[in-house]
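Everything on this sheet refers to the single structure shown next.
Derivation of every value follows stated rules applied to the coordinates shown; laboratory data play no part. Values in this document were obtained by computation on a predicted structure and should not be read as measured data. Backbone-built Cβ (ideal geometry, glycine too); neighbour counts: all protein chains shown.
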Amino acid sequence: MASLFMNYSWSAKELAPSSRPAGPAAGPAAVRSVVIVGGGTAGWMTALILARSLIARGVEITLLESPTVATIGVGEGSTPWLRDFFFRLGIEEAEWMPQCNATYKCGVRFDGWSRRPGFESYFHPFVSPLDNLTMTQFVHNAEARVRGANLHAHPNRFFIAERLAAARLAPKPAESFPFDIWHGYHFDAELLARFLHKKALERGVHHRTCHVTHATLDEQGAIASLVTRAGETIRADLYVDCTGFAGLLIEKALKTPYVSFADVLFNDRAVALPTPAEGPLPSETVSTALRHGWAWKIPLTNRYGNGYVYSSHFCSADEAETELRERLGALDAQTPARHLKMRVGRVTQHWNKNCLANGLSQGFIEPLEATALMFIQITATAFAEYLERGDLGPPAHERFNRFVNELFEGVRDYVVTHFKTNTRNDTAYWRENAANERISEALKQLYFTWTRGKSIVARVREHTSIGKAYPIVSWYAILAGMGIFPDPRELHAPTATEARYEMAEIDDLIERSAANFSDHRRVLANIPPRRKESLTTYFWW
Ligand SMILES: Cc1cc2nc3c(=O)[nH]c(=O)nc-3n(C[C@H](O)[C@H](O)[C@H](O)COP(=O)(O)OP(=O)(O)OC[C@H]3O[C@@H](n4cnc5c(N)ncnc54)[C@H](O)[C@@H]3O)c2cc1C
């Protein structure tokens, strides 16, 4: 299923097929009440997804939120999946985006990760049906260049998303241009949680402010009840752990084992610092490699979100803050920085007995590709589909957990690729990342195939985890974008077959397409309703 990202929407039935037939809308007979613990983005997204599917079937959903534990308050970028989240809930961009100071995101620009000449910056595009016009040419040129042909194979010139981002255009075409452009968003994390909270209450979710001290277990080791600080006991048929890194139910109560990814993803800290909005409004996230990690720059309508994700094994919190402030020209600014700890890895069972973990409590891959909200959405949607079918037994748990684990591993491998293929060489941090041999076997085979000049399509297809996380073209984009090609001095002049495509024609196609898009800020001032036509699929295998 290498096509997971194709439509940025999917059915859990497709990816985690049930051995039980989907019956009529009978509802989960055994489940009449669900309690979600945690009121961060994970808690409210889960509440809305479950509410859409279960409230009409008579299931009661209650969300408990501690008055004393704050939400993490970061997480300002998304993948295109978030579009589908709002669409399925029937919430228009024109409603939620202004309330969250949100902007459009065409993709992520990676600056300074590679020192290979010509590849110092590359853009990971959110790929759209329009890219069908130029994707074959990109893949052809990339494969030919790996085999030694001197052809242009940097991804940036082949994708409409990069062109839009470079010109600060919104990924919303003119009415007359019949293409749907896939895009993500940037948003204020706190405002988004507040918006989702309001929507969930409107849709029948109950909310209570109380601090849960612990869970009691029954004889089978499942959760029997929750106990609050006020001494109250709360019971439900199903519990959802959205308590963030605390993992109150999934880890502290149920002792679910945890798999760390720290041996391949070194970053375990972040420092965040907002800066004022100025100038034209970008429609991209910029991720810039720094000395011991990388910095994000995320445009909102009223400010920039900035942060430095780094490894505490290589750099102290003070050093990181100073490096970030220097970079932002904010050494003397009074704005306080926020320091955060991150735990990178996942639990072995996201669904354990009568408890689902969602959000940071289930695991976290560092935020380089902004995938955390996508995990929340996929986990909750898949879970809702299991519940709808009443498919709740141990085989269902096993299928569900295998599916979510493969997704985690696939995204991990994609994120690891940025670090593993870096060519900075200026600090021990980057050298150790490049030399790291603990990467997964699937990734080693993929690199081996690429550097032999063979098509990586079969490799991506055969490794479920790699194929589930990103479409094949994203793998081409990162390997080509990081410049994993022979030394330019070893390249030969292309043969006529190799030089099949004219870059001038590709540039012209992209340029003519881009003429149908408008300035980002102007579009945000008058957000168009979602277009009626269904998403057409694209794809190059
Ligand atoms: C540096 C950084 C950058 C990130 N960037 C991105 C990004 O760009 N894109 C993205 O998708 N994600 C990103 N993330 C991840 C994203 O922030 C989270 O996945 C998202 O906010 C969901 O968090 P959460 O709801 O799981 O946890 P939290 O926000 O921590 O919420 C936990 C909730 O549980 C409640 N709680 C805790 N203990 C108890 C208790 N005992 N009783 C009752 N309630 C309790 C708290 O009150 C709170 O409401 C980033 C994360 C970090 C650390």
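Annotation: lysines with alpha-carbon distance below 17 angstrom to LYS255 (same-chain offsets under eight excluded): LYS353.
Debye-formula intensities of the stretch 54-119, expressed as log10 I(q)/I(0) at q = 0.11, 0.23, 0.25 Å⁻¹, are -0.53, -1.14, -1.15 (one equal scatterer per alpha-carbon, no solvent).
Given Cβ point charges of +1 (Lys, Arg) and -1 (Asp, Glu) and nothing else, what value in debye, to the nearest 20, does the dipole of the stretch 28-178 about its Cα centre take? Intermediate values should be presented prior to the final figure.
On the way: 15 positive and 13 negative charges, 95 e Å.
With only Lys, Arg, Asp and Glu charged at Cβ, the dipole is about 460 debye.
Taking Cα centroids, how far is the stretch 118-142 from the stretch 418-478 in Å? Value for the Cα centre distance between the two parts: 17 Å.
Rg and Dmax over the alpha-carbon atoms of the stretch 407-541 stand at 19.2, 52 Å. In summary, the convex hull built on the alpha carbon positions of the stretch 118-221 has an orientation-averaged projected area of 14.7 nm².
Dipole of the stretch 39-113, Cα-centred, from +1 at each Lys and Arg C-beta and -1 at each Asp and Glu C-beta, to the nearest 20 debye? Before the final figure, lay out each step's value.
Details: 6 positive and 8 negative charges, 43 e Å.
It comes to approximately 200 debye.
About the Cα centre of the chain, how large is the charge dipole given +1 on each Lys and Arg Cβ and -1 on each Asp and Glu Cβ? Please answer in debye to the nearest 20. Before the final figure, lay out the partial values.
Numbers: 59 positive and 58 negative charges, 112 e Å.
For this selection, approximately 540 debye.
Under Stokes-Einstein, with the Kirkwood radius over Cα pairs as Rh, the value for the chain at 10 °C and 1.306 mPa s is 66 µm²/s. In plain terms, the chain from THR497 to LEU340 could stretch by 51.3 nm, reckoned as 0.36 nm per residue minus the Cα-Cα distance. Sequentially through the stretch 442-455, phi angles give Karplus couplings (6.51, -1.76, 1.60; θ = phi - 60°) of 4, 5, 4, 5, 5, 4, 4, 5, 4, 6, 7, x, 9, 5 Hz, Gly and Pro residues having no value and appearing as x.
Kindly give Rg over Rh for the stretch 452-522, based on alpha-carbon atoms, with the Kirkwood expression for the hydrodynamic radius.
On the way: Rg = 17.0 Å, Rh = 15.7 Å.
Rg/Rh: 1.08.
Which translational diffusion coefficient, to the nearest whole µm²/s, is obtained for the stretch 50-188 from the Stokes-Einstein equation, given a Kirkwood hydrodynamic radius over C-alpha pairs, 37 °C and 0.692 mPa s? Walk me through the numbers before you get to the answer.
Numbers: Rh = 18.3 Å.
Approximately 179 µm²/s, per Stokes-Einstein.
Order the peptides 209-221, 383-395, 182-194 from the highest to the lowest mean number of other Cβ atoms within 10 Å of their residues. Numbers along the way, then the final one.
Values: 209-221: 13.5, 383-395: 18.3, 182-194: 22.7.
Ranked from most to least packed, the peptides come out as 182-194, 383-395, 209-221.
The distance from the alpha carbon centre of the stretch 56-75 to that of the stretch 315-334 is 34 Å, rounded to a whole number.
Can you give me the relative contact order of the chain as a percent, contacts being Cα pairs under 8 Å and 6 or more apart? Relative CO of the chain lands at 26 percent.
Across the stretch 394-474, counting alpha-carbon atoms alone, Rg and Dmax equal 14.5, 50 Å.
Seen from every direction in turn and averaged, the convex hull around the alpha carbons of the stretch 227-303 projects onto 9.7 nm². Based on the reciprocal of the average 1/r between different C-alpha atoms, the Kirkwood radius for the stretch 299-422 equals 17.2 Å.
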